[in-house]
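The structure appears right after this line, and notes come after that.
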2 protein chains.
Amino acid sequence: MKSNVTMRDIAEKLGVSSVTVSKALNDKDGVSDELKERIKTLAGEMGYRFNTAAKSMKEGLTYNIGVVIPERFTGPGQSFYLHIYQQISRELEQYGYYGILHILHREDEEQLNLPRIYYDRKVDGFILLGQVSKPYIELVQSMDLPKMFLDFYDEHADIDSVVTDNFYGAYELTNYLIAQGHRDIAYVGNLHSTSSIQDRFLGYYKSLLEHRLPLRNEWVLSDRDDEGVYVDMELPQPLPTAFVCNCDQVAYNLVQKLIALGYRVPEDCSVVGFDNDVYATLIVPQLTTVGVDIEQMARTAIESMMKKISHPGSRFGRVLVQGHIVYRDSVQRMERP
Amino acid sequence: MKSNVTMRDIAEKLGVSSVTVSKALNDKDGVSDELKERIKTLAGEMGYRFNTAAKSMKEGLTYNIGVVIPERFTGPGQSFYLHIYQQISRELEQYGYYGILHILHREDEEQLNLPRIYYDRKVDGFILLGQVSKPYIELVQSMDLPKMFLDFYDEHADIDSVVTDNFYGAYELTNYLIAQGHRDIAYVGNLHSTSSIQDRFLGYYKSLLEHRLPLRNEWVLSDRDDEGVYVDMELPQPLPTAFVCNCDQVAYNLVQKLIALGYRVPEDCSVVGFDNDVYATLIVPQLTTVGVDIEQMARTAIESMMKKISHPGSRFGRVLVQGHIVYRDSVQRMERP
DNA sequence: CTGAAAGCGCTTACAG
DNA sequence: CTGAAAGCGCTTACAG
């Protein structure tokens with residue numbers, strides 16, 4: 001199965017021109033059905049493999065999409081973005097496209113270095129998966145290529161983005177807690193860390209507002225510093241009856257802490273998470289949380305990206321992908337006093 | 001920053017030929033230092049970006065490596081291979097290479113379809129990350145490209161592979177248990193599922209042999225069916241004093257089961273895992289296990305792959321990458337009776 | 001030190 | 001329905 005077979009080799013064997021072979025293999029008009037068949041058969045027999053590089057050069061398309069994930073989201077135990085990348089890979093397949101993963105190193109983000117895939121013209125578009133610094137966002141905007149944000153957005157940046165509907169998810173989840181009789185509900189997350197955390201907080205707040213419950217400062221607990229490193233948080237006293245955590249991992253940590261302190265979950269205190277990732281099912285009680293629809297996010301992102309490539313200049317704005325509550329065992333119905 | 005700037009554009013502005021520009025930008029001999037400088041500066045100013053596709057076509061190299069992961073290793077909660085992929089990506093960067101991830105779908109594995117990256121000549125080599133069926137291995141061998149196995153191997157296939165030293169790791173771990181006074185030690189894993197599980201078993205067995213302890217059939221417990229789906233296993237009675245599990249996830253499940261049945265770990269029963277992944281630290285007691293050196297594996301694999309690309313026909317055989325025991329809290333020292 | 005020519009493998013008009 | 005010509009952007013001999 002020697003494989004430097006080219007279209008010309010096939011053409012010569014058949015006594016036709018390489019133009020005809022090209023047309024036949026691409027199922028274009030202008031070749032008789034019979035000849036087309038013969039060409040395809042011979043191509044198969046000769047082990048012909050298409051040379052994408054040649055097509056690339058002609059068309060100016062690489063058929064690759066660059067997916068850039070900031071390093072800090074890729075540590076051990078953090079596989080959420082890698083799973084999104086996997087779905088992206090899948091979706092791209094259907095368009096004859098491939099994904100190229102680029103982990104954005106901390107230094108490169110600080111020193112504002114664009115990924116080398118850009119300078120090498122390796123990709124037709126960029127998906128930035130995970131929030132980066134403002135200056136880096138500006139740098140990204142200067143790139144002369146279709147680009148979009150996935151799983152975050154930035155108010156000031158005029159770039160298309162696909163995000164989970166964090167706001168609505170947290171809103172629904174808080175509504176659910178209230179429907180279960182809870183009135184004293186805390187939120188856990190550093191409001192200045194990412195826009196996801198912010199939006200989830202706002203959904204929580206909207207639910208409080210609608211139910212005329214006060215927002216209490218001492219019930220908004222920071223879980224990490226501004227660099228995203230988890231901190232040991234202090235629990236308010238008296239304890240609220242429920243915690244809305246900005247993600248499952250934090251909910252997981254919180255439940256462990258509560259149990260360590262002698263509380264029972266959910267009997268003494270209910271806890272909900274967000275993301276429906278591994279952490280949600282790795283603890284007893286398993287966590288009630290919001291499932292992010294990774295597949296749909298990837299699908300929407302790639303669909304939009306493909307349109308942006310074929311119709312340069314097309315815009316989509318901020319697309320929200322709805323999640324859904326996954327009911328498990330970490331919420332207790334409150335008896336009214 | 002318009003970017004259809006080509007070498008010729010730069011050449012024309014400077015009144016030189018594109019050959020000279022090519023030489024200058026590639027730091028080759030045959031251009032005066034002064035001209036070289038001027039060319040590089042202008043290239044920067046004009047926002048020139050290299051067209052890899054053109055180089056590709058000329059050289060017949062794509063500067064991509066395909067990484068193929070069978071679907072069944074990529075479910076939610078399974079991020080080990082994705083993390084290896086991430087490291088591979090990193091390593092490739094240093095060689096000016098990029099990774100293209102291909103998830104091998106179950107159907108494609110069964111129907112023996114090679115990944116499309118192969119037919120599209122998108123890659124210069126393949127890394128098969130995770131065990132596939134024998135017929136698929138044979139199919140892979142028929143590909144006219146450098147290829148290697150990562151994290152598994154196959155006796156009959158004459159392909160280079162890089163694997164953790166599973167045998168030695170399990171051997172050491174079992175030795176450690178024996179040194180702690182254990183004599184009744186079970187192994188957990190389906191011996192017919194993957195070669196990793198087999199080799200770890202053999203390491204365990206070697207340790208038993210060396211210490212003249214009998215291998216007891218009822219103490220080799222299957223954890224999954226031949227398709228890799230976990231099964232609920234029955235515990236032998238009386239219980240051994242220690243379990244060597246073929247991976248952390250299984251150890252994690254086992255500990256949960258033991259606790260549910262009222263046993264204390266490690267007081268009543270010691271458990272060790274393998275891999276040092278998330279599962280190892282997500283349970284109390286945290287697991288003593290063997291840490292796999294992901295970085296070293298990726299480094300070794302890519303180094304070899306690069307040599308195989310530049311020196312077609314070069315062979316490395318089966319390279320073992322040593323892990324190391326991570327001591328935690330799931331092993332109890334036995335008092336001699 | 002510099003450049004004209006040829007070619008990598010394909011596709012896109014265009015002509016027959 | 002079929003094909004000769006030109007070109008995508010670069011690099012590799014080779015000549016000056």
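Figures for the structure shown
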| item | result |
| --- | --- |
| Amide hydrogen neighbours beyond the local backbone of residue B:98, cut-off 5 Å, H modeled | B:64, B:65 |
| Scattering profile of region B:291-333 at q = 0.20 Å⁻¹ [log10 I(q)/I(0), Debye over alpha-carbon scatterers] | -0.70 |
| Computed over region B:1-140, the ratio Rg/Rh where both radii use C-alpha atoms and Rh is Kirkwood | 1.15 |
| Packing-based exposure ordering (other Cβ within 10 Å, fewest first) of A:16, B:68 | A:16, B:68 |
| Rounded to 5, the percent of DSSP beta bridges in region A:239-337 classed as antiparallel | 40 |
| Fraction of the pair-distance distribution of region A:166-292 above 23 Å, Cα-Cα pairs, percent | 21 |
| Fewest-first ranking of A:41, B:6, A:20, B:289, using other Cβ atoms within 10 Å as the exposure measure | A:41, B:6, A:20, B:289 |
| Sites residue A:303 and residue A:211 - FRET efficiency at Förster radius 45 Å, r taken between beta-carbons, to 0.05 | 0.75 |
| Global form of region B:48-124, assessed from the alpha-carbon gyration tensor, a/c cut-off 1.5 | oblate |
| Per-q log10 I(q)/I(0), region A:258-321, q = 0.14, 0.15, 0.29 Å⁻¹ (Debye; single scatterer per alpha-carbon; no solvent) | -0.59, -0.63, -1.19 |
| Other-chain or far-sequence residues with amide H under 5 Å of residue A:326's (modelled H) | A:289, A:290, A:291 |
| 0 to 90° range, to nearest 10: angle between helix A:166-179 axis and chain A longest Cα axis | 30 |
| Cα→Cβ-extended label distance, 7 Å offset, between residue A:26 and residue A:155, nm | 4.8 |
| Sites matching trypsin sites (Lys or Arg not before Pro) across region B:175-250 that sit in DSSP coil, with at most 15 neighbouring C-beta atoms within 10 Å | B:212, B:216 |
| Calculated diffusion of chain B, Stokes-Einstein form, Kirkwood radius summed over Cα pairs, 20 °C and 1.002 mPa s, µm²/s | 94 |
| Relative pair counts by distance (%), Cα atoms of region A:95-195, 10 Å bins | 12, 38, 25, 15, 9, 2 |
| MRE, 222 nm, helices only [DSSP H, n ≥ 4, -39500 (n - 2.57), over chain A, to nearest 500] | -11500 deg cm²/dmol |
| Per-residue HN-Hα couplings for region B:271-281 [Karplus 6.51, -1.76, 1.60; θ = phi - 60°; Hz; x = Gly/Pro] | 9, 10, x, 7, 3, 6, 9, 3, 4, 5, 10 |
| Ascending list, in nanometres, of distances separating the residue B:116 label from those of the other copies (7 Å, Cα toward Cβ) | 2.7 |
| Using alpha-carbon coordinates, inclination of helix A:195-210 to the longest axis of chain A, degrees | 50 |
| Geometric extent, Cα atoms of region B:7-50 - Rg, Dmax (angstrom) | 9.0, 24 |
| Residue-averaged beta-carbon neighbours from other chains (10 angstrom radius) around A:46-58 | 6 |
| 10 Å beta-carbon shell around residue A:169, net charge (K/R +1, D/E -1) | -3 |
| Alpha-carbon centroid distance for the pair region A:238-291 / region B:117-164, whole angstrom | 43 |
| Principal axis dimensions, region B:101-142 - Cα atoms, whole angstrom, descending | 24, 17, 17 |
| Under-5 Å amide H pairs with residue A:247, H placed in peptide plane, nonlocal only | A:274 |
| Label point distance in nm, residue B:284-residue A:17, each placed 7 Å from Cα along Cα→Cβ | 7.9 |
| Inter-centroid distance (Cα atoms) of region A:7-24 relative to region B:1-31, Å | 35 |
| Phi-based couplings in Hz for region A:260-268 (Karplus 6.51, -1.76, 1.60; Gly and Pro marked x) | 4, 7, x, 7, 9, 10, x, 4, 8 |
| Over region A:177-234: Kirkwood hydrodynamic radius from C-alpha pairwise inverse distances, Å | 12.1 |
| Directionally averaged shadow of the protein assembly as shown, computed from the convex hull of its alpha-carbon atoms, nm² | 36.2 |
| Förster radius 45 Å - calculated FRET efficiency between residue A:329 and residue A:134 (Cβ-Cβ, nearest 0.05) | 0.65 |
| Exceeding the 18 Å Cα-Cα cut-off - candidates B:147/B:307; A:55/A:122; A:147/B:122; A:13/A:36 | A:147/B:122 |
| Sequence of B:9, B:124, B:151 once ranked by neighbouring C-beta atoms within 10 Å, starting from the fewest | B:9, B:124, B:151 |
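Any read-out appearing in this document is the output of simple, stated calculations on the displayed coordinates, not a laboratory observation. In this text the structure is predicted, and so the values were computed from the model without any measurement. FYI the Cβ positions are ideal-geometry reconstructions off the backbone, even for glycines, and counts take in every protein chain you see.
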